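What follows is a single structure, written as structure tokens, with notes after it.
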Amino acid sequence: MKILYIAMKYDYGDPGRRLSFEHYNFYDSLVKMDGEKHKIIYFPFDEVMRSIGKGEMNIELLKTAEKERPDLCFFFLFTDEIGGETIRAVGKRSGAINFNWFADDHWRFDNFSKHYAPFFDWVATTDSQAPKKYRKIGYNNVIKTQWACNYFLYRPVAAEKKYDVTFVGQPHGNRGAIVKHIEDAGVGIECWGNGWPNSRISQEKMIEVFSTSKINLNLTKSSGRLFNIKEIAKIFLNKRSDGSFRLHSPLRWYDNAKSLWNKRREQIKGRNFEIPGCGGFLLTADADNLRDYYEDGKEIVIFKDEKDLIEKIRYYLLHDSEREAIARRGYERTVREHTYEKRFNEIFKTMRLS
């Protein structure tokens, strides 16, 4: 199959932040899966837009689709960099199926996904509540899927455990308070990411941390305080790709407010699959339908509050064999069921492309 892959190359479109999540996970998996039998044409819209501007990037995307005539146009949209009519024309002029993987439908459905979905033949969502919302607006070609692990990249590292407890991610929301609570309990914890003293680490180092930590902590509350000035301003103002601002239409204010409110919902993240995929022991906060993918206490461990978190950290630091058995079963479940190769093949089958 020939696939035109349209997504950002760099994290938030910034080369200074290194390669993006979707590059490491989606693009890398598509290139390597099924024995590299698919031909992938890469259209990194952030890189192209930075070179020639937003309008010309949209024109160049359309030209690329007409020239390559792919079987599938695989989009991973960010904001409004690619216009709806460009998306529709890409599919119409190339003859390809237009597909988009919508991220963060838990809170972005109302102010983003529902407006862009009609331009695609098929869409995917990781939110268990989203399919009903799509059907309510008259859109039926929605595929419920989930994040996964790129097992071509995320693999166990053969090394001794050198960290007791670790966390990789930014100190949003209540994460700093939780880490301090752990430290106050006399437990050593190392944290990496923008905003921590250790700062951000490379992809290779992150995989090593996942493999060489006795306990990998995952915190599902990713957003900060919802009702601060910056978040409230987003209801009324749109920050454009060139850094300028424009006023949202009053018709969008209600949807934007709903999206802000829905940020309270805890959702599964890639970490839930990447850590077990590296052979790491995962101690995680609960999230939307997480138990559909792993068995608590057998393949991963879920904590319910800060007291429970401290108790489980102390317990599993003292019970090495039980902890390692859980990590091993989590790894086996991940490789067996939760890789992007498997997710994509299920999606292709639903769209009758395989």
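The values are calculated or read from the model by the stated rules, or taken from the named source; none is laboratory data. Here the structure is a predicted model, which is why all the values come from computation and not from measurement. Positions of Cβ are backbone-derived with ideal geometry, glycine not excepted, and every protein chain shown enters the neighbour counts.
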Subject >> Pick from region 296-354, criterion small (Gly, Ala, Ser) and assigned to a helix (DSSP H, G or I), ranking: surrounded by the fewest Cβ atoms within 10 Å (Cβ to Cβ) >> reply: Ser321
Original post:
Quick one: in region 127-146, which of the residues that are under 22 Å from Leu4 (Cα atoms) and not in a strand (DSSP E or B) is farthest from the chain's Cα centre (by Cα)?
Top reply: Asn141
Original post:
Taking interchain pairs and intrachain pairs at least six residues apart, which have beta carbon atoms under 6 angstrom, with the first residue in region 318-341 and over 24 Å from Tyr24 (Cα atoms) and the second in a helix (DSSP H, G or I)?
Top reply: Arg323/Tyr316
**OP:** Read through the list (1) in contact with a helix residue (DSSP H, G or I) (Cβ under 8 Å, 6 or more places away or on another chain); (2) surrounded by fewer than 17 Cβ atoms within 10 Å (Cβ to Cβ); (3) not aliphatic (A, V, I, L, M), then give the number of the only condition that Lys180 fails.
**Re:** (1)
Original post:
Since Ser113 meets every condition but one in (1) within 17 Å of the chain's Cα centre (by Cα); (2) in contact (Cβ under 8 Å) with a residue 24 or more places away in the chain; (3) crowded, with 22+ Cβ neighbours inside 10 Å, which condition does it not meet?
Top reply: (2)
Subject >> Test: residue in region 10-20 that is more than 16 Å from the chain's Cα centre (by Cα), under 21 Å from Met351 (Cα atoms), free of Cβ contacts under 8 Å to residues at least 12 places away in the same chain and assigned to a helix (DSSP H, G or I) >> reply: no
Original post:
Can you pull out the residues in region 95-122 that are touching a strand residue (DSSP E or B) at 6+ places or on another chain (Cβ under 6 Å) and under 21 Å from Tyr293 (Cα atoms)?
Top reply: Trp101, Phe102, Asp105
Original post:
Residues of region 239-269 being modelled with pLDDT of 65 or more and part of a loop (DSSP other than H, G, I, E, B), which ones?
Top reply: Ser244, His248, Ser249, Arg265, Glu266, Gln267, Ile268, Lys269
Original post:
Can you name the residue in region 181-222 that is modelled with pLDDT of 95 or more and basic (Lys, Arg) and is also farthest from Glu311 (Cα to Cα) among such residues?
Top reply: Lys205
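Those residues that are more than 26 Å from Tyr340 (Cα to Cα) and among the aliphatic types (A, V, I, L, M), I need them from region 140-192; list them, please.
Of everything in region 140-192, those that are more than 26 Å from Tyr340 (Cα to Cα) and among the aliphatic types (A, V, I, L, M) turn out to be Val165, Ala177, Ile178, Val179, Ile182, Ala185, Val187, Ile189.
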Original post:
Taking the condition part of a loop (DSSP other than H, G, I, E, B) and crowded, with 17+ Cβ neighbours inside 10 Å, does Tyr151 pass?
Top reply: yes
Subject >> Breaking point among (1) in contact (Cβ under 8 Å) with a residue 40 or more places away in the chain; (2) in contact with a strand residue (DSSP E or B) (Cβ under 9 Å, 6 or more places away or on another chain), for Gly91 >> reply: (1)
Subject >> Residue ID - surrounded by the most Cβ atoms within 10 Å (Cβ to Cβ), chosen from residues in region 270-295 that are acidic (Asp, Glu) and part of a loop (DSSP other than H, G, I, E, B) >> reply: Asp288
